[in-house]
Structure formats: structure tokens, C-alpha cells
1. Determine whether segment 299-316 contains at least one residue that is surrounded by fewer than 18 Cβ atoms within 10 Å (Cβ to Cβ), in the same structural domain as His348 (by the TED database) and at positive phi.
2. I'd like to verify a number: residues in segment 330-342 that are open to solvent by less than 20 Å² (accessible area, probe 1.4 Å) and out of contact with any Ser or Thr (no Cβ under 7 Å at 6 or more places or on another chain), how many?
3. Quickly run through segment 169-190 and pick out the residues that are in contact (Cβ under 8 Å) with a residue 60 or more places away in the chain and of a type in the set (Gly, Ala, Ser).
4. Inspect all residues belonging to segment 130-139 and state whether any of them is within 26 Å of Glu192 (Cβ to Cβ) and open to solvent by 60 Å² or more (accessible area, probe 1.4 Å).
5. Can you go through Lys59, Lys108 and tell me which one is in a helix (DSSP H, G or I), at pLDDT 95 or above and more than 25 Å from Val165 (Cβ to Cβ)?
6. Filter segment 82-105 down to the residues that are within 26 Å of Glu177 (Cβ to Cβ) and either hydroxyl-bearing (Ser, Thr, Tyr) or within 28 Å of the chain's Cα centre (by Cα) (or both) and list them by number.
7. Out of curiosity, is Asn241 of a type outside the set (A, V, I, L, M, F, W, C), at pLDDT 95 or above, open to solvent by 50 Å² or more (accessible area, probe 1.4 Å) and over 20 Å from Val110 (Cβ atoms)?
8. Out of Met114, Met57, I need the residue that is of a type outside the set (Gly, Ala, Ser) and over 22 Å from Lys172 (Cβ atoms). Which one?
Amino acid sequence: VQTKKEETLPPSHSQNIPTFYFPRGCPKEKVNIDAVIAKIEKTFSEFPNERATLEDMGKVAKACECPLYWKGPLFYCAGGERTGYVSVHKFVAMWRKVLQTCYDDAAKFVHLLMNPGCNYLVQEDFIPFLQDVVNSHPGLSFLKEASEFHSRYITTVIQRIFYTVNRSWSGKITCNELRKSNFLQNVALLEEEADINQLTEYFSYEHFYVIYCKFWELDTDHDLYIDRKDLARHNDYAISNRMIERIFSGAVTRGRKAQKDGKISYADFVWFLISEEDKKTPTSIEYWFRCMDLDGDGALSMYELEYFYEEQCQKLDNMAIEPLPFEDCLCQMLDLVKPQHEGKITLHDLKRCKLTNVFFDTFFNIEKYLDHEQKDQFSMLRDGEGESQEVSDWEKYAAEEYDILVAEEAASDQWNDGYEAELNPVDHQKASVLKYQVEKRPFFEMPSHLADVDLDEYDYDEDFE
């Protein structure tokens, strides 16, 4: 049998599809790595035995063309924590590898902080970096004498980072999430801004102080956990019991141990307070949507809205205020949100809405609901659009609460003769408030040089769905 000879096809012009996925950043024009290394070696030559301590790392960071407060991550990634210094050879080998594999700031920062073998950051990874900020930023110099505060401040900043940056709610910050956020810009601003309180998105000490004082008032046994009854007392019982139950159900909290004991941690409270005081941010909308979505089907049904509204009606009856019938309330809320599909409200619907705070407060915060009822919704909408959210609801709340705390502390000082004379702080007002807290309230064991921040309460084995 004669086999047919196969015809050889002419070679087709293959198309070269350019690379379009760059998980470690898009490679820029050829970087002269040798020139960068030479600059670093010259900087190390100024140090004894060409070894840099943590105090020297600011100059090294500048030689690497990095922001000043990358100095801690650079030092620890090169093994400085073990010996107390970094040799020029070890640092150059480490940084050369970074330059060859990481092409933008987000990829470099993740590489410096992450555990070997990972390509993301978990909460513990930020502790050495933030401890260095606490130790060396001029705006936090008054904290040096109060080590007890370090771990709480660091925990608060870590929660705020994950609240804003970790949009996936996974407990793992990826390069892409870091790239899309403004966190690294804020890290760069640490060098330019001497007043830490101007950096309101992550690092503000005043914001930490407000959050911690609010928690301390509720945590009566001071074990750094609060239960349902404790949280219910927040803001004079403004939050409904049904919503409190949802928060403790695990819909928005982590850590099976705490949930088993019916408690939430200080870290969980940071998320709660920021979400409660600013219901217009993507994370806060997701936070309250998760709580209200009882069956987890990704939409709020009319049954779920009525479930939460029933308790609001009971509270209004107890206050001798006639509640709006649910049908009328529902019409108002549907007009407010304008859902795309009849009979259900999705997360997307709420993120398009300009007055999500009014929607959520209607169903579980009686005090704020009554405040909204006294205002014209059209004027609120105009106000929200006019401000263009230059100052967020959270920032306004934190500033007001901090002023109240300072005023209360100043009033208490009138009863303490000679109290002011003991202080010699860089920032007298902040240090006075701090010292009041340290002297009047029992705190924690002294943290180590890397801050003994207990993050065991966060369990990331099972990410949120």
C-alpha cells in the first residue's frame, strides 16, 4: 500500500505576544545595578568595618533610592536582627537579588517583609517595620518612655493597614493590593512629616488613642477581649442587639478561639469602630453588608431588612416615638439605594449609593437613625457631594473625640497639684495625655525590642469566602 506523502506546510509567521502579566512589577528600562551597588558600597565604607547598624540604615536606604523608613525592613531582610549589624557583602548580595527580581516599590517592599517562600504579607510581617517607626520617628518620640503603649499602637496600625489595603479580606496582602493602595506613599510621607498625626490614614497616634480609649471603657476586666454585653454598651447602647449578635457570629471577625469564648479582640474592635463611624468606605460597606446578609447569598432580601428593622421599632416604642411602618421605611430605602434588581439589594447597589450611612443606620443604629430623620436627605446628599470627602467621617469623628479626651484629662489635672511640672516632653499635650493613661490605668508587660504584639488571635487558615 502506497502511503500518501504528507505535504510539508510552509512555516507560518508566528506571533510574539508581549508579556502582559508582571506580578513583581513591570520591568523598566535597563537599570544599572552595578552603579547602584557601587553607591551602596561607598556608603558602607563610611561605617566601622563596613558594617551598618540599624541606626546607620537611613543612609543605606537613601543609597538604595528607597524612602527613609524602609531602613528597618532593609536591615532585617539582610539578617541584621541576628547579629545587630549588616555587613556590606551580605547586604549587597541581598539587594542585588531584589533588584534583579522585583521591578517596582510594591514588589520590593513585599520581598523585604515577607517570610521566605511566601509572596504576600501577613500581619506579623509588619511588626519589625512598625517598631522601628515607633523607635525613630520624631512624632512618636514621647512614646519612648512608655513602652507599654508600643504593642497597642502597632496592633492598631496593622489593623488599619489591613482594613484599607487588604481588599480581598484574605488576611494576606499581595503585591497587587499594595500597588493599588496608597500605603507606600504614606510610608514615604513619614520622612517628610514630623507630626505623625497628620498621617491620618494609618499612623496617627491621636487616632490610635481614640480607638484604644473607646475599647478600654468597654473592656471592664482589661483582658483585651470584650463580650456581647461590653460591646452593647458602646455609644450608650446605640447598636441593636441583633447586629451585635451578627458581629459575634464570625461574619466579620477572625479567630475561632475568641468566637468560641463569645468574645472579640482589640484588633476586631478597631475594624468595628472605624466601620461604625464611617459607613461610606468600601471596607465598611462590605463589613455591614456581611453582617446584614443573614443567609450569605450575596443580597439583602426584604426579610433580612425587616429582621433588623423590627428591633429598631421596639426601641422607638420604648422611647415613646411612633415608628414608621416597615413598608414605608422600605419604600424610602429602595428610593435611596435604587437597586438594579427588584426585591433585593446587592453589595454593588450599596457601593453606588451616596448615602450608605443613612441606609445602615436605619436598620441598626437608633441614635444615628434619629439624627438622620431630623435632617433633609436631599441636603445631606448635597453636603456629601460638596465636600468631595476631603475629610472622611472617620477623621471628623476621631478629631472630635480626641479633643474631648484631652479636655477631660486637662480637667482632671486641676486636681493634681504639681502634676504638670513632672513632664518634660517634646509634645507636652500629647505626653500629658499619655502619662495620664500610663499612671491611672494598668497596662501590659513590657514588650521586646520588636514589640511583643500577640497576633495569635488572628487565624488565617480559612479565608473568608
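1. Scanning segment 299-316 turns up no residue that is surrounded by fewer than 18 Cβ atoms within 10 Å (Cβ to Cβ), in the same structural domain as His348 (by the TED database) and at positive phi.
2. 1
3. Once the filter is applied, which keeps residues that are in contact (Cβ under 8 Å) with a residue 60 or more places away in the chain and of a type in the set (Gly, Ala, Ser), segment 169-190 yields Ser170, Gly171, Ala188.
4. Checking segment 130-139: at least one residue is within 26 Å of Glu192 (Cβ to Cβ) and open to solvent by 60 Å² or more (accessible area, probe 1.4 Å).
5. Lys59
6. Of everything in segment 82-105, those that are within 26 Å of Glu177 (Cβ to Cβ) and either hydroxyl-bearing (Ser, Thr, Tyr) or within 28 Å of the chain's Cα centre (by Cα) (or both) turn out to be Val98, Thr101, Cys102, Tyr103, Asp104, Asp105.
7. yes
8. Sole residue among the options that is of a type outside the set (Gly, Ala, Ser) and over 22 Å from Lys172 (Cβ atoms): Met57.
The values are calculated or read from the model by the stated rules, or taken from the named source; none is laboratory data. Predicted model only: the values in this text are computed from it and were never measured. Glycine also receives a Cβ, built like all others from the backbone with ideal geometry; neighbour counts cover every protein chain displayed. For accessibility, only protein heavy atoms count, side chains too; no ligands or nucleic acids. Shrake-Rupley method; radii C 1.70, N 1.55, O 1.52, S 1.80 Å.
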